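Let me begin by presenting the structure, written as structure tokens, before commenting on it.
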Amino acid sequence: MAKFELKLPKMGESVAEATITNWLKNVGDKIEMDEAVLEIATDKVDSEVPSEVSGVLVEQLFGKDDVVKVGQTIAIIETEGGSSSAENSSVTSSAVEMPIAIAEVTKTINPEVSGAKETVAPADFSGSDKFFSPLVKNIAQQEGVSVAELESISGSGKDGRVTKDDILNFVKNRTNQPVVAQTVTPVAQPVVQNVQPTTTSAVPVSVNGGDEIVEMDRMRKLISGYMVASVQTSAHVQSFIEVDVTNIVKWRDRVKGAFEKREGEKLTFTPIFMEAVAKALKDFPGMNISVDGEYIIKRKNINLGMAAALPNGNLIVPVIKNADQLNLVGMAKAVNDLGNRAKAGKLKPDDTQGGTYTVTNVGTFGSVFGTPIINQPQVGILALGAIRKVPAVIETPEGDFIGIRQKMFLSHSYDHRVVDGALGGSFVKRVADYLEAWDINRDF
């Protein structure tokens, strides 16, 4: 019998850790090769971890909601015959056969954390998406610090995590704050003089007997946090432009059958729009940037994010890498692949990384236009409105007349900290120009 270490696999260049959301196999269960053992979640994508061997699960080294680093061993699988590597054998032997030794080593390496694990009360921190060490949780429980207060602490640790000193300072400052008695403001005194620029607590929501209270799922909590943070970070401003896409509609209607027959892919409007956006970004590289504090990062690659629907109805933004290097066929294949895998919940963490500009299609839901929120740390996002038949003035050498045209609105949200109106407006105008100049006789 041999023992195999199941490690958290690498999930992308910028993904360093993941949270265990569910164990699909219990200790003692038989596992086939490539069978999913557990489910994990990064900050954007949920996925499964399959087994590389067949055997029996003999130990789970982490529990649900634990945060695990890439490369860490998360489970031990006992296999039939064969032998594990020397490294796996030695580590597995000590992990499975000598749990007491491991406990002693843990206490020797980090007695503070070990002590926290032994004394921590079963306070419920499952409602938080942030990672807090057992020691921090223990201090929070002893000092009566709520989950909301704990999440409000600005951490000084790695990736902004709350350390022991952070929470102790929070408790100290909270204890030292003087108690201010509430007084009635005199009528003759201007109220503005008594208003203090302090954070105010949310007004409790009134709930009636027939109302239903549903807790946000993990993805909705993350999306909520991202949206609020983006609005607080960027100075959002919008530019709108109406585009005549009659030639594009006629061209697609004519070639979509032949396209699908030859390429095995459906031809939607999205790759056509993405092609125009990629061209415009090459013309205006000032839109293909990111902001890091007081620094501007000029991105070399044009990686287009496209908002797509997940099985639970939430939206996610997978990324088309090097979009400017793709022809229309390549763009269509990339759009369809990412869209289909998003609907099936099969996106990988790396599929959502590295975007430099984002496009969202609000017209899918019948919206004429929208004001999308910027996907940080990018500086712009383009919303595609619904295509509609509208009466329009058509200019000809013989004079003007009224005709039926296919039109849509483009809504461009951009970060006014680093993108001024001239750039933001010129960029979306260039996208419109590419779309209106579409060659109805072009090949695909």
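The values are calculated or read from the model by the stated rules, or taken from the named source; none is laboratory data. In this text, all values refer to a predicted model and were calculated from it rather than measured experimentally. Counting neighbours? That spans all protein chains shown, and the Cβs are built from the backbone with ideal geometry, glycine included.
Only a single item in (1) surrounded by fewer than 17 Cβ atoms within 10 Å (Cβ to Cβ); (2) more than 26 Å from residue 222 (Cα to Cα) is not met by residue 275, and it is number (1). No other residue among 370, 339, 354, 305 is part of a helix (DSSP H, G or I) and surrounded by 15 or more Cβ atoms within 10 Å (Cβ to Cβ) apart from 339. Within the stretch 44-63, restricting attention to residues that are in a loop (DSSP other than H, G, I, E, B) and within 21 Å of the chain's Cα centre (by Cα), the residue that is farthest from residue 375 (Cα to Cα) is 45.
Does residue 47 satisfy the criteria of being touching a Pro at 6+ places or on another chain (Cβ under 8 Å) and either farther than 15 Å from residue 64 by Cβ or modelled with pLDDT of 90 or more (or both)?
yes
Sort out which residues of the stretch 281-301 are surrounded by 22 or more Cβ atoms within 10 Å (Cβ to Cβ) and not polar (S, T, N, Q), and write them in order of number.
Of everything in the stretch 281-301, those that are surrounded by 22 or more Cβ atoms within 10 Å (Cβ to Cβ) and not polar (S, T, N, Q) turn out to be 281, 287.
Would you be able to say whether some residue in the stretch 411-429 is over 33 Å from the mean Cα position of the chain (by Cα), farther than 15 Å from residue 276 by Cβ and part of a strand (DSSP E or B)? Among the residues of the stretch 411-429, not one is over 33 Å from the mean Cα position of the chain (by Cα), farther than 15 Å from residue 276 by Cβ and part of a strand (DSSP E or B), which makes the answer no.
Matching residues to (1) more than 16 Å from residue 64 (Cβ to Cβ); (2) at pLDDT below 85:
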{"site": "2", "(1), (2)": "yes, no"}
{"site": "10", "(1), (2)": "yes, yes"}
{"site": "16", "(1), (2)": "yes, yes"}
{"site": "19", "(1), (2)": "no, no"}
{"site": "24", "(1), (2)": "no, no"}
{"site": "33", "(1), (2)": "yes, no"}
{"site": "40", "(1), (2)": "no, no"}
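Screening the stretch 257-296 for residues that are among the hydroxyl-bearing types (Ser, Thr, Tyr) and outside any helix (DSSP H, G or I) and picking the one that is nearest to residue 439 (Cα to Cα) gives 268.
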